[in-house]
Every structure is written in C-alpha cells, then in structure tokens.
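What follows is a single structure, written as structure tokens, with notes after it.
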Amino acid sequence: MGEREASYLSLLRSGELARRAEAARAILSACTLCPRQCRVDRLHGERGYCRSGADPKVSSFGPHYGEEPELVGRYGSGTIFFSNCTMRCEFCQNYSISQEGAGYEVSCDDLAMMMLALQRRGCHNINFVTPTHYVPQILGALVIAAGAGLSVPLVYNTGGYDCVHTLKFLDGVFDIYMPDAKYGDDETARRLSHAPHYTRHMKAALLEMHRQVGDLVVDDEGVAVRGLIIRHLVLPDGLAGSREVFRFIAEEVSRDAYVNVMDQYRPMWHAAAETAPCQESLGRPLRVEEYEEAVAEARRAGLYRGF
C-alpha cells in the first residue's frame, strides 16, 4: 500500500474506533443494520431475515486470487467469507454459504486473529465478503486487530443492499468499497433476489460509499489503496437492467468509476431447477453477445474504467 496509512488507524488512536464499535453493537438489540429493519434482539438470541446472531459466522478465510487484479496484486486479497445474507438471490453462486448458512460462529477475538493471520501471509488487504449484517462485529474485531498491529486496507464487499446509516459507522474505517449494483429496477430485484426497494437502497449506498472514498486509486504496482469498485453481473435476457445501472453510475456517481462488468453467470441454486419460476431466462448460461451488449451499454453511458 505504499506510504499511505490505512484510514482506521487514526480512528484507533483517537478512541473513535472503539466508540463506533460500541454504538454499532447497541443496534443489535433491535437490529436495523440492513433495509429489512427486522428490529430483532440479536444480543439475546433473536434472529431476523439474515438468521444471524450476536457473533459473526464465518465460512472460510484465506488469500484469494480470483478477485479484481487491483485487489489481488502479487500476494492475494485476504478474504473472509461470512455466512448468511440479507438477500435471497434465486441464482446465488455461493448459496451453500449465503442461503444454507455453512460456516461456524466465532468470537470477535477470533475474527481479529483471522485478519492478523491474513496480513502475516502478505495479503494486500482484508476483504470482508457479505459483511452488512456483521458490521458491529467487524468493528469490534478491528479494534482488537488494529491494536495488535493490523495496518492493511479493508475492503467492504457487499451485494449493495445496504443502509446509509450503517455505512456512516464505516466512514474513515474502510478504504475500499466493492458493492454490487445488481439491478436497474425494483420489480426484478424483488422477484429474483427478494430484496424490496433494492434500487433505492443500492443507489443511496453507492453515493455514500463514493462520498467516503471517491474513485479507485492504486499504488505504483497497481494495487488498490482507496476508492470504489462497482460490480455488475450481467444476466440473460437483460434481466439485470444493465443500461439503467450504467446510466446511474455515470450520471450520478462518477464517470471515472471503476466498474467490473461480470460475465460469469451460470444457473445455480433455484435457477438450476427445472421447476423454478425464474427458469425461463435464468436456466441457461449468459450468451457472449449478451455480455458484449452490456459492455457496449457501459461505454455508451460514458464509463471507461474496469470492464
């Protein structure tokens, strides 16, 4: 990461990081971390839509080389895969983790040790995958890890179904945000991901993330040190609404935004079942021409970084 210091270290020294961790944890008593606003008491055993409790649940962690090159660098992105999710994407590629809950509950001390272990492995960053429902636990673990020498940037790797009031806890904590911009319209988001008002929340979240960290900045070796990376998975038959997604990014976020237009869709989980309601379009892989058209839409919108 060159000479740049990870943002959270100044908050650690001032005591602000510990204060935010405590304030965020209090939210778990009537949880409103995500747009579901379940208001369950996770501190005393209640579980809402995400089926998560007071402790973070982790599926796996380790250096990951399949992320964007700007995150992977030479030594990999230090990825921590959290279990459970605030959405129910019919085509989820990681459904055993996000939908079936594969993983094990750990303490914040354990989570901190994972971060430190990844840093010792030489990873360029700590990459939290599906972190929305564990923000308080991440902050609590970060206080411990940063106090013990953690210094690499943090990556918030999310499906985009986030609340601005939760993201404000992370202002000055995360250097890199990597949200999905999954859909261009709410009806498709509701039908395919069971995420009410997805586009409203996603758009507000991306604007807040960009306000906090700006466009992607890399060091002399091309490794990300700060900024926003936006992912958009192209779906068959234009279901993702790529044109509207790219228009929003270009016109309301930034024409200099880094956008990964992803082509790896394949039928998984419910989309792979012949009786699934979404089978008519999602039961087949993405066609080359569909992906090429999406990239053309990104260019027509004025975007040029990533793809």
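Just so you know, all these numbers are worked out from the coordinates, no wet-lab data involved. These numbers come from a predicted model, not from an experiment. Positions of Cβ are backbone-derived with ideal geometry, glycine not excepted, and every protein chain shown enters the neighbour counts.
Okay, here's what the table says:
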{"read-out": "Residue match in segment 138-157 (condition: more than 30 Å from Arg266 (Cα to Cα) and polar (S, T, N, Q))", "value": "yes"}
{"read-out": "Among residues of segment 75-97, those that are surrounded by fewer than 17 Cβ atoms within 10 Å (Cβ to Cβ) and assigned to a loop (DSSP other than H, G, I, E, B), counted", "value": "3"}
{"read-out": "Some residue of segment 37-54 being of a type in the set (S, T, N, Q) and more than 22 Å from Tyr156 (Cα to Cα)", "value": "no"}
{"read-out": "Residue match in segment 98-105 (condition: without any contact (Cβ under 8 Å) to a residue 40 or more places away in the chain, buried (at least 24 other Cβ atoms within 10 Å of the Cβ) and not basic (Lys, Arg))", "value": "yes"}
{"read-out": "Residues located in segment 22-75, provided they are within 19 Å of the chain's Cα centre (by Cα) and of a type in the set (Phe, Trp, Tyr)", "value": "Tyr49, Phe61, Tyr65"}
{"read-out": "Contacts under 9 angstrom Cβ, first residue in segment 295-307 being touching a residue at least 60 places away in the same chain (Cβ under 8 Å), partner part of a strand (DSSP E or B) and hydroxyl-bearing (Ser, Thr, Tyr), 6 or more apart", "value": "Arg305/Tyr258; Gly306/Tyr258"}
{"read-out": "Conditions (1) within 14 Å of the chain's Cα centre (by Cα); (2) farther than 30 Å from Arg284 by Cβ; (3) surrounded by fewer than 24 Cβ atoms within 10 Å (Cβ to Cβ); (4) of a type outside the set (A, V, I, L, M); number of the one not met by Thr130", "value": "(2)"}
{"read-out": "Filter result (hydrophobic (A, V, I, L, M, F, W, C), touching a Gly at 6+ places or on another chain (Cβ under 7 Å) and either in a helix (DSSP H, G or I) or touching a residue at least 40 places away in the same chain (Cβ under 8 Å) (or both)) within segment 207-227", "value": "Val213, Leu216, Val223, Val225"}
{"read-out": "Among the candidates Arg19, Arg42, residue that is buried (at least 22 other Cβ atoms within 10 Å of the Cβ), closer than 24 Å to Ala145 by Cα and free of Cβ contacts under 8 Å to residues at least 24 places away in the same chain", "value": "Arg42"}
{"read-out": "Filter pass, Gly227 being small (Gly, Ala, Ser), surrounded by fewer than 17 Cβ atoms within 10 Å (Cβ to Cβ) and under 21 Å from the mean Cα position of the chain (by Cα)", "value": "no"}
{"read-out": "Residue ranges of helices (runs of 4 or more DSSP H) in segment 232-307 with at least 3 members touching a helix residue (DSSP H, G or I) at 6+ places or on another chain (Cβ under 9 Å) and of a type in the set (A, V, I, L, M, F, W, C)", "value": "242-248, 288-301"}
